[in-house]
1. Being in contact with a strand residue (DSSP E or B) (Cβ under 7 Å, 6 or more places away or on another chain), assigned to a loop (DSSP other than H, G, I, E, B) and either within 20 Å of Asn289 (Cα to Cα) or modelled with pLDDT under 95 (or both) is the requirement here; does Gln119 meet it?
2. Go through (1) crowded, with 18+ Cβ neighbours inside 10 Å; (2) assigned to a helix (DSSP H, G or I) for Met78 and report which single condition fails.
3. Being more than 18 Å from Ser128 (Cα to Cα), surrounded by 22 or more Cβ atoms within 10 Å (Cβ to Cβ) and hydrophobic (A, V, I, L, M, F, W, C): is that true of Ala19 here?
4. Could you identify the single residue in Glu209, Glu198, Glu254 that is within 22 Å of Lys163 (Cα to Cα) and either surrounded by 13 or more Cβ atoms within 10 Å (Cβ to Cβ) or of a type outside the set (Phe, Trp, Tyr) (or both)?
5. Select from segment 74-95 the residues that are among the charged types (D, E, K, R) and closer than 21 Å to Pro131 by Cβ and list them in ascending order.
6. Considering only residues that are over 17 Å from Leu47 (Cα atoms) and hydrophobic (A, V, I, L, M, F, W, C), look in segment 94-108 and name the one that is surrounded by the fewest Cβ atoms within 10 Å (Cβ to Cβ).
7. Show the residue pairs that are 6+ apart or on different chains and have beta-carbon atoms under 9 Å apart, the first residue being within segment 43-64 and in the same structural domain as Arg81 (by TED's automatic domain parsing) and assigned to a helix (DSSP H, G or I), the second being exposed (fewer than 15 other Cβ atoms within 10 Å of the Cβ) and of a type in the set (S, T, N, Q).
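The values are calculated or read from the model by the stated rules, or taken from the named source; none is laboratory data. What you see is a predicted model; the values in this text were computed from it and never measured. Here Cβ is always computed from backbone atoms with ideal geometry, including for glycine, and neighbour counts include all displayed protein chains.
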Amino acid sequence: MIFPKLLNENDTILLISTARKVNLDELKYAISVFENWGLKVVLGKNLFQDNNQFAGSDEQRTEDLQWAINHPTASAIMCVRGGYGTARIIDSIDFSAFSTYPKWVCGFSDCTVLHSHLQKLGFASIHSTMPLFFSNPNYKNSVESLKKVLFYGLQILDNQTFKSHILNIKNNIKGVVIGGNLSIIHHLIGTNSDLDFENKVLFIEDIDEYLYHIDRIMNQLDRAGKLKKLAGLIVGHFTDMKDNAIPFGKNAFEIIQEYAQKYQIPTLFGFQAGHYFDNLSIILGKEININITNIQS
């Protein structure tokens with residue numbers, strides 16, 4: 001696994017959108033934060049393009065992502081927001097220059113497509129909050145978490161002390177962390193960006209899904225032989241889950257726990273990452289070692 005270098009003052013960070021559209025006013029605060037960190041901010045040529053819900057056409061978003069991948073001096077690429085659209089362009093990207101100019105790719109939600117693709121290619125990346133949320137004071141801890149990872153390589157998963165949860169499946173969790181948004185991970189099965197689950201620790205989170213959808217996704221991962229290969233499972237925020245008029249009968253955590261229990265996968269529930277205020281950064285591709293039996297209440 002290749003880990004890009006940690007950032008220093010005067011390094012360059014590139015801002016692009018591979019998915020939904022955004023405007024300058026929504027990013028001004030985040031740009032000022034990056035500049036206060038001592039970074040040089042460079043915006044993608046097509047960042048503020050508008051094509052229905054997308055940040056420009058597939059061709060324009062591809063152009064910006066390819067430019068960022070090929071950039072010879074930048075140290076990080078920041079996806080400014082999620083939504084949908086990265087999977088539409090990922091197969092058009094040539095990653096050959098990334099080995100020569102590796103960079104931290106940061107973001108979450110739809111950015112899971114990029115994280116998964118980079119994982120397949122052997123590059124670590126950062127699951128983190130994104131510039132769209134920087135101006136909200138509730139995301140202060142998330143922004144600080146990103147800075148600690150980018151500049152110092154420090155993530156809370158290295159702390160090994162978390163709040164206990166009644167659904168935790170206790171045991172040692174040791175392995176390389178992969179994952180991101182559960183719906184995206186499911187969407188990537190059978191593609192060139194499909195994750196290798198063998199002896200990995202899978203992090204998952206999601207938002208705005210029906211509970212039966214969560215069960216269907218977990219069932220698909222199980223039937224595809226993915227879950228039984230895992231060394232561990234870390235479950236983040238499952239925000240704004242929906243139910244039908246006839247209740248499914250379990251919440252999202254209980255659904256996931258049923259599948260984890262089937263293979264006795266060591267599982268940590270309630271990790272503070274995903275679609276919520278506390279979206280703490282995770283270095284995807286890094287090995288962790290957590291003893292769940294020692295988790296503090």
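1. no
2. Among (1) crowded, with 18+ Cβ neighbours inside 10 Å; (2) assigned to a helix (DSSP H, G or I), Met78 violates only (2).
3. Answer is no for this residue.
4. Glu254
5. Result: Arg81, single match.
6. Checking each candidate, the answer is Ala97.
7. Asp58/Ser92; Glu59/Ser92; Thr62/Ser92
One line per residue, one yes/no per condition, for (1) free of Cβ contacts under 8 Å to residues at least 40 places away in the same chain; (2) under 27 Å from Ile90 (Cα atoms); (3) touching a strand residue (DSSP E or B) at 6+ places or on another chain (Cβ under 9 Å):
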| position | (1), (2), (3) |
| --- | --- |
| Val149 | no, yes, yes |
| Lys163 | no, no, yes |
| Val176 | no, yes, yes |
| Ser183 | yes, yes, yes |
| Leu195 | no, yes, yes |
